[in-house]
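As structure tokens, the structure follows; a few thoughts come after it.
None of the figures in this text is laboratory data; all of them are computed from the coordinates on show. Values in this document were obtained by computation on a predicted structure and should not be read as measured data. Here the Cβ positions follow ideal geometry from the backbone for every residue, glycine too, while neighbour counts run over all protein chains shown.
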């Protein structure tokens with residue numbers, strides 16, 4: 001297998017992919033990781049760290065082609081190969097491609113994966129580890145460019161091979177998802193659907209949702225929107241503004257982070273539009289959708305318009321649609337008419353999936 005992995009600066013792909021390779025090795029799969037950036041620096045020791053995008057475009061292209069030539073040669077011998085690269089760069093030269101189509105055709109990858117992360121995590125890593133100046137708006141734009149650039153690259157090289165967008169989320173969970181995409185063709189791929197913004201302040205309900213997410217990941221290769229959670233940011237910005245603050249305080253990568261209030265307000269529309277487009281993309285790359293609708297304290301179902309729209313999109317895309325409806329009130333016709341099957345609780349759903357032989361690898 002040859003897998004091309006892209007992702008914008010700040011995702012920290014190298015460390016993540018090293019863990020993927022370790023995870024695979026522990027399961028008897030040898031994987032060679034080729035980090036294009038490291039190899040370019042190794043071939044040009046005169047370039048200081050972090051300055052490679054400042055060199056003339058002609059030399060940058062020459063370096064890249066030399067490195068990819070070596071990687072293509074290694075691909076012919078390695079049992080499994082991951083190429084860690086970018087699809088695009090946005091720097092002082094403007095927006096430009098990070099690969100050459102003729103060499104990508106020679107590489108002849110079996111799969112493309114664009115690794116993404118939340119804007120707060122991206123900002124936190126860049127502040128700590130990189131000199132790249134940026135705003136939150138920049139990060140939102142760069143992430144979208146990388147996703148679209150990777151998808152266009154994949155389809156331009158060979159439209160029959162799979163392209164996946166994967167949020168890195170909690171590494172312990174998503175490294176297993178990454179491994180499953182590469183080595184486990186039998187396990188079903190499922191998109192997990194559940195309310196997010198509407199239950200943000202309800203700890204008991206959020207705990208139920210987390211239980212659902214963990215249970216489903218025991219049986220499926222899951223694309224989980226909770227691995228990239230930033231829909232709460234606009235709400236936090238509104239609360240900060242009401243308090244007269246000029247910042248928004250959040251937690252990212254285990255630490256408290258202060259974001260400029262104006263910058264958060266500036267990306268509200270971008271966050272909403274990207275969630276809309278990205279979640280539909282994740283549904284399209286899945287074989288089914290599994291939606292968990294918890295019960296609110298007053299007994300009503302905690303169903304959001306976003307979840308209803310996801311169910312409709314999956315139905316129209318001819319996906320299997322499963323709904324776990326825990327409230328006593330009956331689901332609306334907009335749920336029952338799109339669902340393949342509706343369950344009253346997680347245990348019934350798990351038993352059904354077991355009988356259907358949706359069993360994940362050991």
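A few remarks follow.
- Modelled FRET efficiency - R0 22 Å, residue 329 with residue 202, Cβ distances, 0.05 increments: 0.80
- Each helix, a run of at least 4 DSSP H residues, gives -39500 (n - 2.57); summed and divided by the residues of the chain, these come to -14000 deg cm²/dmol at 222 nm.
- Mean separation of Cα contacts under 8 Å, 6 or more apart, over the residue count of the range 141-297: relative contact order %: 30
- DSSP bridge orientation in the range 1-183 - percent antiparallel, rounded to nearest 5: 20
- Compared with the rule-of-thumb size 2.2 N^0.38 Å for a compact globular protein, the chain has a Cα radius of gyration ratio of 1.04.
- Over the chain, relative contact order from alpha-carbon pairs under 8 Å, at least 6 apart, %: 16
- Centroid-to-centroid, using Cα positions, the range 216-245 and the range 337-353 are 26 Å apart.
- Spin-label zone in the range 253-274 - amide nitrogen under 13 Å from a point set 7 Å from the Cα of residue 133 along the C-beta vector: none
- Acute angle (nearest 10 degrees) that the helix 268-284 long axis makes with the longest principal axis of the chain, alpha-carbon atoms: 90
- Antiparallel content of DSSP bridges confined to the chain, in %, to 5: 25
- Residue 51-residue 210 pseudo-label distance in nm [points 7 Å out on the Cα-to-Cβ vector]: 4.6
- Summary of packing: across the peptides 77-86, 108-117, the per-residue average of other C-beta atoms within 10 Å ranks them, highest first, as 108-117, 77-86.
- Förster-model FRET efficiency, 22 Å R0, residue 91 and residue 258, C-beta, rounded to 0.05: 0.25
- Between residue 345 and residue 245, the FRET efficiency from the beta-carbon distance, with R0 = 56 Å, is close to 0.85.
- Cα gyration tensor, the range 186-362 - rounded (a/c under 1.5), prolate or oblate: prolate
- For the range 1-183: relative contact order, % (alpha-carbon pairs under 8 angstrom, 6 or more apart): 34
- Taking the C-alpha atoms only, the angle from helix 57-75 to the longest principal axis of the chain is near 70 degrees.
- Projecting label points 7 angstrom from Cα along Cα→Cβ for residue 158 and residue 77 puts them 2.2 nm apart.
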